[in-house]
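> Would you mind keeping the following structure in view while I ask a few things?
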Amino acid sequence: MSGTGPFARACREALGAPALAMAATFLAFGTAAAAAGLSLGWTLLAALGVYGMPGQMILLGGGGVAAAVAANARFLPMAVSLSPWLGRGGGRWLSLPFIAVTPWAMAMRRLPHTPPTDRLRWFLGFALTSWIVAGLSALAGFLLAGRLPGPVLAVLLLTNPIYFGLIVADAARVHPARLSVACGLLATPLALVLPASLGLLAAGLVGGSVAFALSARRRD
Amino acid sequence: MTELLLLIGACVALRAAGLAMAGRMGAEHPFIRWASSVAMATLAAFVASALLMPSGALATLPIAARLGGMGAAVAVLFWRGGLLLPVLAGLAVAVLLSP
């Protein structure tokens, strides 16, 4: 494989800021799973099989399957919005295990500017690298459990919202994503008052639908 | 372990349903634009709630550190671009603003 092909380029891109955010989050998850007395096998299966942190954390905390599924329901709109960029052939199904917020967010930045023939390979390179980083970080977190001072863990956990905050801030520079971001922020109180499993889903549905309606009116 | 396997199955089903529902629609199809809007709004709400009302160890950081870190990261993003440098700048400011 060429070192400059879309797959290799995406692997390198995934090893920058996305890997830092992914590593910090999954390191903290591995630590929390070990502290909860769960096995290494459970930890890795959750990290790589679920591959969606809100649902993982809810299951880890004993919140039950239904609440964990609701917390990860964002996979559905993410897969819908990603699908057209991965081509119309059956190859896009290869992306299925890797559809999560980090690859989705970067794909929505990169794929519109990537030649159509390169898009699926770019996504698979980025997503596979992120997935491997997540698994290795969960393993490291599990092995480091109890050795990370609280303040270090807290700063590690801040990496994830900062990283996604940057994705959101960058997306908000252009229409119509700007409207979606603004309405999502305005709908955030729903995420704060409803149960954790439903709050984000409700805020996203309400904010995103209002933004879509406003954007459609502007188009007419 | 049964609960975990059920959750994995449900997550696979959610992703598969999204890929199947999108079918052969283009990126400009109203359904795709609505789903993209919902996904982006969800991400924005996630960031805001994680910074304003976090749970777990993140809640031990003072709000000034969380918001100051985010503000510094966005400032560096608009100044220099990229993602890694803004993330590192944001974390550095958060550490400086922590007790």
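> Give the dimensionless ratio obtained when the Cα radius of gyration of the protein assembly as shown is divided by 2.2 N^0.38 Å.
0.93
> Say each of A:Val174 and B:Ala64 gets a label point 7 Å from the Cα, pointing the same way as Cα to Cβ; how far apart are those two points in nm?
Inter-label distance under the simple model: 3.9 nm.
> What number comes out for accessible area per residue over the range A:172-220 if the probe is 1.4 Å? Units Å², please.
So the range A:172-220 comes to 56 Å² accessible per residue, rounded to a whole number.
> Over 10 Å intervals from 0, what percent of Cα-Cα pairs in the range B:1-53 sits in each interval?
Histogramming the range B:1-53 at 10 Å steps yields 21, 31, 35, 13, 0 percent.
> Within the protein assembly as shown, what whole-number % of the accessible surface is contributed by carbon and sulfur, with the 1.4 Å probe and all protein chains included in the calculation?
The computed percentage sits at 72.
> While we're here: Taking the alpha-carbon set of the range A:1-80, what are its Rg and Dmax in Å?
15.3, 46
> Compute, for chain A, the length of the dipole vector about the Cα centre, with Cβ point charges of +1 (Lys, Arg) and -1 (Asp, Glu) only. Units Debye, rounded to 20.
So the magnitude is around 560 debye.
> Now, a different point. For the range B:32-99, run through the chymotrypsin sites (Phe, Trp or Tyr not before Pro) and keep only the ones in DSSP coil with at most 15 other Cβ atoms within 10 Å of their Cβ.
Counting only loop positions with at most 15 other Cβ atoms within 10 Å, none of the chymotrypsin sites (Phe, Trp or Tyr not before Pro) in the range B:32-99 qualifies.
> Between chains B and A, what is the buried accessible area in Å², counting both sides, with a 1.4 Å probe and ligands, DNA and RNA left out, to the nearest 100?
Protein heavy atoms only, the B-A interface buries about 6400 Å².
> Moving on. Please work out the Cα center distance from the range A:173-220 to the range B:42-99, rounded to the nearest Å.
Each part reduced to its Cα centre gives a spacing of 21 Å.
> Still on this structure, I have one more. Around A:Pro77, under 12 Å between beta carbons, what's the net of Lys plus Arg minus Asp minus Glu among the other residues?
Neighbourhood net charge equals +3.
> If you don't mind, another one. Take the alpha-carbon positions of the range A:6-158, form their convex hull, and give its projected area averaged over all directions (one quarter of the hull surface) in nm².
The number I arrive at for the range A:6-158 is 9.0 nm².
> Can I ask one more? Please report the net charge: other residues with Cβ closer than 14 Å to the Cβ of A:Thr4, K and R +1, D and E -1.
+1
> Per residue of chain B, what 222 nm ellipticity follows from adding -39500 (n - 2.57) for every DSSP H run with n ≥ 4, rounded to the nearest 500?
-26000 deg cm²/dmol
> Quick one: 3J(HN,Hα) in Hz for the range A:108-116, Karplus 6.51/-1.76/1.60 with θ = phi - 60°, rounded, Gly and Pro as x.
Per residue, the Karplus-derived 3J(HN,Hα) values read 5, 7, 8, 4, x, 9, 9, x, x Hz.
> How big is the convex hull of the Cα atoms of the range A:172-220, per residue, in Å³?
Here the figure is 53 Å³ per residue.
> How many nm separate the modelled label positions at A:Thr4 and B:Glu28, each set 7 Å beyond the Cα in the direction of the Cβ?
For the pair A:Thr4/B:Glu28, the computed spacing is 3.2 nm.
> Using a 10 Å cut-off around each Cβ of peptide A:40-46, what is the average number of partner chain Cβ atoms that fall inside?
The mean count of partner-chain Cβ atoms within 10 Å per residue comes to 2.
> Please list the three semi-axes, largest first and in whole Å, of the ellipsoid equivalent to chain B, using sqrt of 5 times the eigenvalues of its alpha carbon gyration tensor.
34, 21, 11
> Can you work out the accessible area per residue across the range B:55-99, with the rest of the protein chains kept in place, probe 1.4 Å, in square angstrom?
51
> Helices from chain B with mean Kyte-Doolittle at least 0.0 and a Cα length along the axis of 24 Å or more, per DSSP H: which?
Taking the DSSP H segments of chain B (at least 24 Å long, mean hydropathy at least 0.0), we get B:2-22, B:30-52, B:63-80.
> P(r) for the range B:55-99, please, calculated from all Cα pair distances in 5 Å bins and given in %.
6, 29, 27, 20, 12, 6, 1
> Considering the options A:Val174, B:Leu61, A:Thr43, tell which one lies farthest towards the positive end of the dipole of the protein assembly as shown, charges being +1 on Lys and Arg and -1 on Asp and Glu at the Cβ, about the Cα centre.
So the residue we want is A:Val174.
> Whole number in Å², please: accessible area per residue of the range B:1-53, 1.4 Å probe, ligands, DNA and RNA not counted.
Accessible area per residue: 40 Å².
> Quick one: what does P(r) look like for the range A:128-188 with 10 Å bins over all Cα pairs, in whole %?
18, 33, 26, 20, 2
> Say each of B:Ala75 and B:Leu96 gets a label point 7 Å from the Cα, pointing the same way as Cα to Cβ; how far apart are those two points in nm?
Label at B:Ala75, label at B:Leu96, 0.8 nm between them.
> While we're looking at this one, here's another question. Roughly how many whole Å is it from the C-alpha centroid of the range A:86-110 to that of the range B:1-40?
11
The values are calculated or read from the model by the stated rules, or taken from the named source; none is laboratory data. For clarity, every value in this text was computed on a predicted model and none was experimentally measured. We place every Cβ from the backbone using ideal geometry, glycine too, and count neighbours over all the protein chains shown. Calculation scope for accessible area: heavy atoms of the full protein, side chains included, ligands and nucleic acids excluded. Shrake-Rupley method; radii C 1.70, N 1.55, O 1.52, S 1.80 Å.
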